[in-house]
């Protein structure tokens, strides 16, 4: 777990840092059932990040909580880290008002593990394995889309080098998985998500060397071209800040 502390260096939203520090400063483990839904998800995000390689995949969340609070030296290290990280926050992160239970802030960074825990995917100490770029979170009625801009390095094969990039500060060009047809159930859900009551959530990173993704927030379907893959234009509810747009544009230049 001490080695895993280094995997939290990307944490960069003040609300999460404050909540994480409150947890780390507790002498005894929190009563999970007494927490709000948002704080329950914050706690699972923290636990899943720390014990992903420590406990079995079916270990209950309570086991992960017990394990962390058996090691006060880890909690002390976490408390110091979260205090330090508050001075490194570079973006004024924003929450989504109508999703008050979602513990994510727009333009902050999250790993796949944290994204799954934030959307309540699974109920174990560890989150399910997620390797693809898209995932349907059924309970949240959300399509979670993570994509890497610069695909010149890393594990991308020619068939997975989808053309994903920022057209402008509020428009994102994104390509679906290679087998997605426009008239398939998935393709129709992408096009009609607003009518069907589902949401599109976008997460992006510059290259595969980064473990975490910037949360771009909620997006809405604008149009698409072709299929297998579908080339979709999404409109962000919250435009990219200038520095992120510049770095995103440079990554695919």
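The values are calculated or read from the model by the stated rules, or taken from the named source; none is laboratory data. These numbers were taken from a predicted model, which means no experiment stands behind them. Note that we place each Cβ from the backbone using ideal geometry, even for glycine, and neighbour counts take in every protein chain shown.
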Q: Being touching a helix residue (DSSP H, G or I) at 6+ places or on another chain (Cβ under 8 Å) and in a loop (DSSP other than H, G, I, E, B) narrows it down to one of 140, 178, so name that one.
A: 178
Q. Regarding residue 240, is this residue touching a strand residue (DSSP E or B) at 6+ places or on another chain (Cβ under 7 Å) and either surrounded by fewer than 19 Cβ atoms within 10 Å (Cβ to Cβ) or modelled with pLDDT under 95 (or both)?
A. no
Q: Would you check if there is a residue in segment 210-218 being surrounded by fewer than 16 Cβ atoms within 10 Å (Cβ to Cβ) and more than 19 Å from residue 115 (Cβ to Cβ)?
A: no
Q: Please work out if residue 37 is under 18 Å from the mean Cα position of the chain (by Cα) and surrounded by fewer than 19 Cβ atoms within 10 Å (Cβ to Cβ).
A: yes
Q: Please enumerate the residues belonging to segment 11-28 that are surrounded by 16 or more Cβ atoms within 10 Å (Cβ to Cβ) and not in a helix (DSSP H, G or I).
A: 11, 12, 13
Q) Is there a residue in segment 196-214 that is more than 17 Å from residue 241 (Cβ to Cβ), in a helix (DSSP H, G or I) and at pLDDT 95 or above? A) yes
(Q) What pairs come out if I take residues in segment 89-113 that are outside the structural domain of residue 237 (by TED's automatic domain parsing) and pair them with residues that are at pLDDT below 90 and not in a loop (DSSP other than H, G, I, E, B) whose C-beta lies under 6 Å away, six or more apart or interchain? (A) 106/94
**Q.** Residue check for residue 81: at pLDDT 95 or above, assigned by TED's automatic domain parsing to the domain that holds residue 7, closer than 30 Å to residue 216 by Cβ and in contact with a helix residue (DSSP H, G or I) (Cβ under 9 Å, 6 or more places away or on another chain)
**A.** yes
Q: Go through (1) assigned to a helix (DSSP H, G or I); (2) out of contact with any strand residue (DSSP E or B) (no Cβ under 7 Å at 6 or more places or on another chain); (3) modelled with pLDDT of 95 or more; (4) closer than 30 Å to residue 208 by Cα and name the single condition residue 63 misses.
A: (4)
**Q.** Out of 96, 47, sole residue that is crowded, with 16+ Cβ neighbours inside 10 Å and in a loop (DSSP other than H, G, I, E, B)
**A.** 96
Q | In segment 120-129, the residues that are surrounded by 24 or more Cβ atoms within 10 Å (Cβ to Cβ) and either under 13 Å from residue 203 (Cβ atoms) or in contact with a strand residue (DSSP E or B) (Cβ under 9 Å, 6 or more places away or on another chain) (or both) | A | 125
